[in-house]
Amino acid sequence: MTGPGMTGPTLAEICVVACAEAWRGDGAILAGPMGLIPALGARLAQLTFAPDLLVSDGEAGLLAPLLAPSGSGTVTEGWLPYRSVFTMVAAGRRHVMMGASQLDRFGNQNISCIGDWARPKAQLLGVRGAPGNSINHPVSYWLPRHSRRVLVERVDMACGIGYDRAAALGAPGNRFHEVRVVVTNLAVLDFRTPARTMRLRSVHPGVPVGDVLAATGFPLTVPDEVPVTRRPSAGELALIRDQLDPAARRERELR
Amino acid sequence: MAEIVSLAEAVALAVRDGDTVAMEGFTHLIPFAAGHEVIRQRRRDLTLVRMTPDLIYDQLIGAGCVRKLVFSWGGNPGVGSLHRFRDAVEHSWPGPLELEEHSHAGMANRYVAGASGLPFAVLRGYAGTGLMAEGMASVRPITCPFTGEILTAVSALNPDVAIVHAQRADTSGNVQLWGITGVQKEAVLAAERSIVTVEEVVPHLDPRPGSVVLPSWTVSYVAEAAGGSRPSYALGYYERDNDYYVAWDPIARDRDAFRRWLDTEIFGMAETMGGR
């Protein structure tokens with residue numbers, strides 16, 4: 001399974017691990033991954049460093065933190081219909097990784113429309129769970145195509161709220177607000193700056209910092225030494241390749 | 001007490017032009033046969049309510065039945081956009097479509113309030129989002145009388161008609177559904193009238209773990225419609241037809257292809273699933 005002969009990590013595999021890292025230290029909360037790579041990340045975290053994590057199967061089951069005896073496949077350990085998910089959202093015991101059609105420098109997210117809400121140029125999916133998620137518990141974002149179209153100065157419609165809007169609400173309404181990390185196909189970003197604007201946390205192996213800046217529609221805070229996103233361990237690679245995603249569907253999310 | 005009628009009769013009796021209609025069912029048990037019958041009977045100016053509009057509302061919108069949509073997520077699950085929905089919003093085809101947009105939890109709680117006979121539900125969400133800025137009549141800030149925290153009130157949903165699909169009803173019109181259930185119970189209890197299509201009418205309902213039972217007195221009409229949630233699935237009866245969702249994309253992208261679909265699959269068919 002592991003050891004010599006194993007090829008180096010692909011970009012998708014580096015992204016899976018970067019997504020997994022988003023849930024490190026969260027304890028017994030519900031992980032809400034949206035998208036395949038975040039789902040693989042949540043599962044990888046649960047099977048390695050975050051065994052208490054509750055991971056949905058995407059419908060109404062909870063996956064046990066173990067592999068099926070037959071090899072690949074999953075063991076269901078619980079029943080969590082979405083009625084119960086709302087309770088966990090309201091109680092704050094959840095950390096989701098959502099997608100975004102637009103995300104701005106304060107972490108405001110848009111999945112509703114492009115253009116004016118009342119007369120959109122493009123009607124997108126709708127606000128979905130974002131208004132409740134972003135104010136009740138931590139959220140992170142997965143952006144498989146880091147570009148100036150997605151990372152914009154200002155979102156056309158705020159569905160999930162960022163740090164400027166949370167600050168405007170003030171206490172106590174904003175006490176559960178946190179945008180944890182943004183994982184893209186180029187880098188990992190966060191909001192650990194005095195103004196709570198977006199910062200470059202690490203670049204994926206082989207990605208020049210300049211490429212990240214050029215693909216971002218607003219100025220990023222860049223540390224003097226930009227770390228490189230951690231590579232998967234041999235054990236993690238084996239889990240991803242042999243158990244979690246043997247058909248390598250992860251590679252197609254980054255086309 | 002629920003009357004057991006044909007699907008065509010149920011729609012003719014319960015759904016009127018201009019009604020607010022909620023068709024619910026989450027992932028499975030989506031009431032497609034009933035939606036198609038609404039198109040076939042050429043209802044107009046409907047306000048459609050649904051947490052997660054998917055193909056069923058794309059079809060109703062494209063067919064010109066709908067004036068307004070109340071929703072929290074509209075897409076073709078696992079495939080992409082709803083192109084009839086987008087065409088209506090972006091190009092007013094076949095007519096303009098007004099939107100009232102809520103979060104998932106907001107929609108679910110609005111049904112609960114409606115079913116409970118209360119005027120609104122309270123959430124922490126919405127604060128700071130664009131939804132508060134758009135001045136929708138169904139969303140208002142509210143101050144907690146105990147802590148002073150500013151929260152969000154969303155108005156109750158009380159549809160004229162709720163339409164859901166279930167696995168079974170008994171001959172008295174008691175309804176039973178199981179598997180992944182959504183807000184079907186709340187939608188039916190909140191609505192003035194209701195239609196439940198079922199895979200089969202059986203003499204007796206036997207217990208199932210986690211099932212939702214709608215007593216006959218909460219339901220207006222029960223209609224047998226075997227296969228009535230295809231291409232979604234009915235646990236214990238049939239699987240989801242994933243290929244159909246993929247095949248829908250090119251039909252919905254093209255107005256002419258969609259018209260042909262309407263002519264052959266809807267208007268060209270008598271009500272086929274709801275025989276008496």
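Quick look at the values:
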read-out	value
Separation of alpha-carbon centers, the stretch B:142-196 and the stretch A:94-150, rounded to whole Å	28
Radius 13 Å from Cβ of B:PHE26, net charge of other residues (Lys, Arg +1; Asp, Glu -1)	0
Number of partner chain Cβ atoms within 10 Å, mean per residue of B:74-86	2
Cβ crowding within 10 Å averaged over residues, with A:239-247, A:122-130 ranked highest first	A:122-130, A:239-247
Gyration tensor verdict on chain A (Cα atoms; rounded if a/c is under 1.5, prolate if a/b is larger than b/c, oblate otherwise)	oblate
Largest to smallest principal axis extent of the C-alpha atoms in the stretch B:165-262, angstrom	44, 29, 22
Relative contact order of chain B, defined on C-alpha pairs under 8 angstrom at six or more residues apart (%)	25
Cα gyration tensor category, rounded, prolate or oblate, for chain B with a/c compared to 1.5	oblate
Relative contact order (%) - criterion: Cα under 8 Å, at least six apart; region: chain A	21
Averaged over B:22-34, number of beta-carbon atoms from partner chains that fall within 10 Å	1
Local electrostatic count at A:ALA64 - Lys and Arg +1, Asp and Glu -1, tallied over other residues with Cβ under 14 Å	-2
For chain A, calculated [θ]222 nm from helices alone, where every DSSP H run of n ≥ 4 adds -39500 (n - 2.57)	-6500 deg cm²/dmol
Unit Cα scatterers, Debye sum, the stretch B:104-155: log10 I(q)/I(0) for q = 0.25 Å⁻¹	-0.98
Karplus (6.51, -1.76, 1.60) ³J(HN,Hα), θ = phi - 60°, over the stretch B:143-148, in Hz, Gly and Pro reported as x	9, 5, x, 9, 10, x
Average partner coverage of A:80-86, which counts Cβ from other chains inside 10 Å	5
Net charge over other residues, Cβ less than 11 angstrom from the Cβ of B:GLY268 (K, R count +1; D, E count -1)	0
Tensor-based shape of the protein assembly as shown (alpha-carbon gyration tensor, a/c under 1.5 rounded, otherwise prolate or oblate)	prolate
For A:THR197, A:THR87, order by how many other beta-carbon atoms lie within 10 Å, fewest first	A:THR87, A:THR197
Residues A:CYS159, A:CYS113 arranged by fewest to most Cβ contacts within 10 Å	A:CYS113, A:CYS159
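All of the numbers you see were taken from the coordinates with simple rules; none came from a lab. In this text the structure is predicted, and so the values were computed from the model without any measurement. Methodologically, a virtual Cβ is constructed for each residue, glycine included, from the backbone with ideal geometry; neighbour enumeration extends over all protein chains shown.
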